[in-house]
Amino acid sequence: MTETVIEVKNVSKWYGSFKALTDVNLTVRKSERVVICGPSGSGKSTLIRCFNRLEAHQEGEITVNGIRLHSKMRDVAAVRKNIGMVFQHFNLFPHMTVL
């Protein structure tokens, strides 16, 4: 059996009274390719942002490369170094340059 790199169990996330994710479950194994698709506003970006702690989930468990993500974790960099994401809109730092 191939190593699990991302495991999501019963994850929920909401913004005020709007529930963006409800009891999401997902297992991604090493070397697997996964496509997360759906209509605008269905929670795709929210789910991916939860993988690297750009957003905090309120319920459930997310484990990335054996590290369980939670609100009190200190070493977010250890998780983020192995997760890449391409933003739909450019999220550039206005105070930085490429030079």
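No lab work stands behind these numbers, since they all come straight from the coordinates. Just so we're clear, the structure is a prediction, and the values are computed from it rather than from any experiment. With ideal geometry, Cβ positions are generated from the backbone for all residues, glycine too; neighbour counts draw on all protein chains shown.
Within the chain, the longest run free of GluC sites (Glu not before Pro) that sit in a DSSP loop with at most 13 other Cβ atoms within 10 Å is 33-99. Loop by DSSP (not H, G, I, E, B), at most 14 other beta-carbon atoms within 10 Å: where is the longest site-free stretch of the chain for trypsin sites (Lys or Arg not before Pro)? The segment 34-71 is the longest one with no such site. Cross-link reach is defined here as a Cα-Cα straight distance under 17 Å, omitting same-chain residues fewer than 8 places apart; for residue 19 the aspartates and glutamates meeting it are 55, 59, 61.
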